[in-house]
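Engineer: Structure below; questions to follow.
The values are calculated or read from the model by the stated rules, or taken from the named source; none is laboratory data. Because the structure is predicted, anything quoted here is derived from the model rather than measured. Because the Cβ atoms are built from the backbone with ideal geometry, glycine has one as well, and the counts that use them run over all protein chains shown. Just so you know, the surface numbers come from the protein's heavy atoms only, side chains and all, with ligands and any DNA or RNA stripped out. Shrake-Rupley method; radii C 1.70, N 1.55, O 1.52, S 1.80 Å.
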Amino acid sequence: MKYAVDTREMRLIEDYTINQAGIPALELMEHAALAFVNILVGSIRKDDRICVVCGKGNNGGDGAAIARLLFLQGYKVSIYVPHLEMNNESNSSGSLLDLQLDLASKLGVTIENRSKLSEYNIIIDAIFGIGLSRTVSGIYEQVINEINENDNMVFSVDIPSGVSADNGKVYNVAVKADQTITFGYMKKGLLLYPGAEYAGKITVADIGLSKEAAFHVKPEAFYYETEDLKLLPARKNYSSKGTFGKVLVIAGSKGMAGAAYMSAKAAYRTGAGLVKVLTCEENRVIIQSMLPEALFAAYDEEDLCLESGSDRLQKDLKWASVIVIGPGLGRTEIASKLLFRVLNEAEVPVIIDADAINVLSASLDASCQNDPDNRLKQLASYLKQGTVITPHLMELCRLTSIPISDIRDNLIDTASTCSYNNEIIYVIKDARTVIAYKGQYYINCSGNNGMATGGSGDVLTGIIAALIAQGMSPYEASCLGVYIHGLAGDEAARKKSSYSMMATDIIEAIGKVIKGINQ
């Protein structure tokens, strides 16, 4: 697990390092510049023509320090300071930039207030850092456009200039980097779109920040890397199929057996001991033919009219370790009865997906149709703590009445709104899926655009369900499940290409992703 921070959190970590750990700001800047150069030199040659474009603040100071270190190592480098264009003096916003420019100048580094960027093949972007919160215009807009229009290799210092570190928004224009070397911690804006599209390859560089600072600041967001696959539940040698849990998949209306099949098979591929598909009788032959390993049950429409009792549904709910409801279920009265029987009677974790989310949305009081706060309160009253709900953006829009444009532009803020003052796990599916629970946010970095295909979400519910069945908490299973789902999608894309892959390819790649873990 690695933290992803926003501007406020990063400033607090830096302040703690400076004021509590006693490391001066200038020393941190030197560490950052040296870390940047040590990574950069693996991608450049001594005969490259390098221009470091510096802004007014400390990001510009980082850039000037980087230029000095490159110069001392024998690289052909110059510094371009666009704001000198206006008044022919540094007019910097902080003394660290003045100091770094003075040091570079004394060593003989060329400092220009005019530059033709097309004359360089390497551009180092040190214009704006993580503190940017305003629209980029004037000379800086012109310079960023010039960087983007030329055929240069571009390296950004900490974050591509013009991108918000908090949410990935672009403030009118932003540098399109080939690589971003960010300092200390990953920034949320580098993970979230559209910022992620501007960052290129991202490397997090250690600059000597206090290790205790994160403990005191407690960043809210985190992400996983492949080493976190060790979180998978251990497989005991002395075990039986019951050891690894029982997944009940309530899915698939008439003619929609595929969703039930994919969710159930994904659960098996992720290690569930037993999987039962509860669906309509018409799907029996398809499910039993395509997935003979699965148990099969058909619901009785007359029994669904009962609020509770000794009917088949109640027995299946008591059998399960975890319940998935929704994939391909339809939005009929039968689907509604199934959903609310589950919500009222289930004593194990429930994952609500796809059609079940839309049925749930339709059941909310029409009087709060345009009142997101009241809709979310009502929704929380329906769901037990630990319930997992997995909407894509349009489903979340229907569920909450938050406009989809607001959700897309403010993914973290929306996740915060949804998860405030309740214990529901929201898996908000997008190109960067965000999982929110009790003030924490997981931002998923795995996956690719080939996963934007029918059935991909059904596969995800099966993966999460299998992890819960094997003993993980619903929140931990949701985070790791989304990560595994994306890794399997990446493996499928390598084999089939992102154009040709299907949801079933993701299922078949699960085993490759988790092979060898806990063995």
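Engineer: Among 322-330, 280-288, 102-110, how do they line up by average Cβ neighbours within 10 Å per residue, starting with the highest?
Structural biologist: Taking the mean over residues of other Cβ atoms within 10 Å, the ranking is 322-330, 280-288, 102-110.
Engineer: So how much accessible area does TYR120 have, in Å² to the nearest 10, using a 1.4 Å probe?
Structural biologist: Its accessible surface works out to 30 Å², give or take rounding.
Engineer: Follow-up question, since we're still on this one. Would you mind getting the accessible area per residue of the stretch 199-355, heavy atoms of the protein chains only, 1.4 Å probe, in Å²?
Structural biologist: The answer is 47 Å² per residue.
Engineer: In addition: Once the Cβ-Cβ distance between ALA362 and LYS254 is put in as r, and R0 is 25 Å, what FRET efficiency do you end up with, to the nearest 0.05?
Structural biologist: 0.80
Engineer: Compute the length gained on full extension between GLU119 and ASP151: take 0.36 nm times their separation in residues and subtract their Cα-Cα distance, giving the result in nm to one decimal.
Structural biologist: That works out to 10.5 nm of additional length.
Engineer: What is the distance in Å between the Cα centres of the stretch 129-198 and the stretch 281-296?
Structural biologist: 51
Engineer: If you don't mind, another one. Please state the relative contact order of the stretch 1-126 as a whole percent: Cα pairs under 8 Å, 6+ residues apart?
Structural biologist: 29
Engineer: Calculated from DSSP H runs of 4 or more alone, at -39500 (n - 2.57) each and per residue, what is the 222 nm mean residue ellipticity of the chain, nearest 500?
Structural biologist: Mean residue ellipticity, 222 nm, calculated: -12500 deg cm²/dmol.
Engineer: At ASP430 and GLU333, where each label point lies 7 Å from the Cα along Cα→Cβ, what is the point-to-point distance in nanometres?
Structural biologist: In this crude label model, ASP430 to GLU333 measures out at 3.8 nm.
Engineer: Sort 127-134, 149-156, 21-28 by the packing proxy (mean of other Cβ within 10 Å over each peptide's residues), most packed first.
Structural biologist: Ranking, from highest mean packing down: 127-134, 149-156, 21-28.
Engineer: Counting only other residues whose beta carbon sits under 12 Å from that of TYR16, what net charge do I get with K and R as +1, D and E as -1?
Structural biologist: -1
Engineer: If you don't mind, there's one more thing I want to ask. Give me the extension gain from ASP373 to LYS495: residue separation times 0.36 nm, minus the current Cα-Cα distance, reported in nm with one decimal.
Structural biologist: Between ASP373 and LYS495, full extension yields 39.5 nm more.
Engineer: Between THR243 and GLU197, what is the label-point separation in nm under the 7 Å Cα-to-beta-carbon projection?
Structural biologist: The answer from the label model is 4.8 nm.
Engineer: Now, a different point. Checking the cross-link filter: which aspartates and glutamates have an alpha carbon closer than 20 Å to that of LYS56, excluding same-chain neighbours under 8 positions apart?
Structural biologist: Within the straight-line limit of under 20 Å, LYS56 reaches these aspartates and glutamates: GLU14, GLU27, GLU30, GLU85, GLU89, ASP98, ASP102, GLU112, ASP125, GLU141, GLU146, ASP158.
Engineer: What base-10 log of the normalised intensity I(q)/I(0) is obtained for the stretch 394-452 from the Debye formula, alpha carbons as equal point scatterers, at q = 0.12, 0.18, 0.20, 0.23 Å⁻¹?
Structural biologist: Ignoring solvent entirely, the Cα scatterers give -0.27, -0.60, -0.73, -0.94.
Engineer: Which of these values of P(r) over Cα pairs in 10 Å bins from 0, in percent was calculated from the structure shown: (1) 4, 18, 29, 27, 16, 5, 1, 0; (2) 4, 17, 26, 24, 14, 8, 4, 2, 0, 0; (3) 4, 18, 25, 21, 15, 11, 6, 2, 0?
Structural biologist: Matching the structure shown: (3).
Engineer: Taking all pairs of distinct Cα atoms, average 1/r, flip it, and tell me the Kirkwood hydrodynamic radius of the stretch 108-210 in Å to one decimal place.
Structural biologist: One over the average 1/r among Cα pairs gives 13.8 Å for the stretch 108-210.
Engineer: To continue, here is another question. Starting from the Cα of HIS216, step 7 Å along the direction of its Cβ; do the same at GLU301; then give the gap between the two resulting points in nm.
Structural biologist: Modelled inter-label distance: 6.6 nm.
Engineer: Does a label point 7 Å from the Cα of GLU423, set along Cα-to-beta-carbon, have any residues of the stretch 357-394 with amide nitrogen under 15 Å, and which are they?
Structural biologist: 380-388
Engineer: Here is a further query. Amide H to amide H under 5 Å from ALA205: which residues, 5+ apart in sequence or cross-chain, H placed 1.01 Å off N in plane?
Structural biologist: Hits under the 5 Å cutoff: THR182, PHE183, GLY184.
Engineer: So, one more: How many Å³ per residue does the convex hull of the Cα positions in the stretch 339-487 occupy?
Structural biologist: Spread over its residues, the Cα hull of the stretch 339-487 gives 101 Å³ apiece.
Engineer: Turning to a different aspect of this structure: Take the alpha-carbon positions of the stretch 37-170, form their convex hull, and give its projected area averaged over all directions (one quarter of the hull surface) in nm².
Structural biologist: Quarter of the Cα hull surface area: 7.7 nm².
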